[in-house]
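Notes follow once the structure below has been shown.
The values are calculated or read from the model by the stated rules, or taken from the named source; none is laboratory data. Keep in mind that what you see is a predicted model, and the values were worked out from it rather than measured. All Cβ positions, even for glycine, are placed from backbone atoms using ideal geometry, and neighbour counts span all protein chains on display.
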Amino acid sequence: MGSHFFGLLKCDKVSTIDDARLVRLETMGHVDSRHLIDMLQPGSGYCTVASAWISAMDYSEMIDRPHLITSAQCFRTKEGLHLTFSSDSVGIWHSLRWSQFIRDPDWQSAMLDGCRRLCALFAAEDAIVTHDGSPIRRTHLQGDCFDEAVGIGLREEGKVATISELYTVIDEKALTWDSRGFWQFPRGREGK
């Protein structure tokens with residue numbers, strides 16, 4: 001599977017570019033996750049980057065700070081977390097391979113720490129973790145609210161009780177596997 005990490009936070013709408021939470025994140029440029037920064041070292045396959053507003057179409061074209069928040073742009077943190085905003089949610093995309101996230105406890109812990117810090121910053125009521133090929137991400141990028149996105153995810157892929165249930169071996173000899181569904185993120189504990 002060629003998927004990457006994706007999370008979705010349910011929170012009050014970040015409706016203006018001057019929202020205090022967004023300004024704070026822009027000023028810091030990162031989510032202040034020491035664990036995540038430690039994982040992004042040379043040799044890991046991932047590294048820290050400059051924080052910036054970028055195009056949400058290809059995640060590479062840097063753009064000027066927008067006047068209005070739409071799904072056409074996202075904010076990239078130093079940790080490489082790409083944040084997109086919709087009516088009541090914040091999407092979190094990272095280039096970390098989904099297979100690495102669901103099979104490596106160190107990466108799980110680091111990414112969940114980054115999500116936990118974003119939950120605190122945006123006062124998130126709820127959060128889920130899935131892959132970027134999920135119907136949840138597609139729905140979020142269309143501007144739909146958190147409950148609509150998760151509802152579509154429930155109908156099309158379902159919810160799992162643990163992260164380990166996101167990894168299903170199809171054929172051990174052929175090394176084939178699949179990942180469907182989403183995991184609801186319990187912010188107060190690791191919840192693995």
**Message:** in contact (Cβ under 8 Å) with a residue 60 or more places away in the chain, surrounded by fewer than 16 Cβ atoms within 10 Å (Cβ to Cβ) and farther than 21 Å from Ala127 by Cα: is that true of Asp106 in this structure?
**Reply:** no
**Prompt:** Looking at Cys115, Cys74, Cys47, which one is free of Cβ contacts under 8 Å to residues at least 60 places away in the same chain, crowded, with 20+ Cβ neighbours inside 10 Å and of a type in the set (A, V, I, L, M, F, W, C)?
**Reply:** Cys74
**Item:** Hits in segment 130-146 - residues which are surrounded by fewer than 18 Cβ atoms within 10 Å (Cβ to Cβ) and more than 21 Å from Leu166 (Cβ to Cβ)
**Value:** Gln142, Gly143, Cys145
**Fill in**
Selection from segment 34-81 of residues under 17 Å from Val23 (Cα atoms), at pLDDT below 85 and of a type in the set (A, V, I, L, M, F, W, C) yields Ala50, Leu68, Ile69
**Message:** For segment 100-131, which positions are in a helix (DSSP H, G or I) and charged (D, E, K, R)?
**Reply:** Arg103, Asp106, Asp113, Arg116, Arg117
**Prompt:** Within segment 10-30, is even one residue under 29 Å from Tyr167 (Cα atoms), of a type outside the set (Gly, Ala, Ser), surrounded by 15 or more Cβ atoms within 10 Å (Cβ to Cβ) and out of contact with any Leu (no Cβ under 8 Å at 6 or more places or on another chain)?
**Reply:** yes
**Request:** Please identify the pairs in which a residue from segment 127-141 that is of a type in the set (Gly, Ala, Ser) has its Cβ atom under 7 Å from the Cβ atom of a residue that is assigned to a helix (DSSP H, G or I), counting only partners at least 6 apart or on another chain.
**Result:** Ala127/Cys115; Ala127/Cys119; Ser134/Gly153
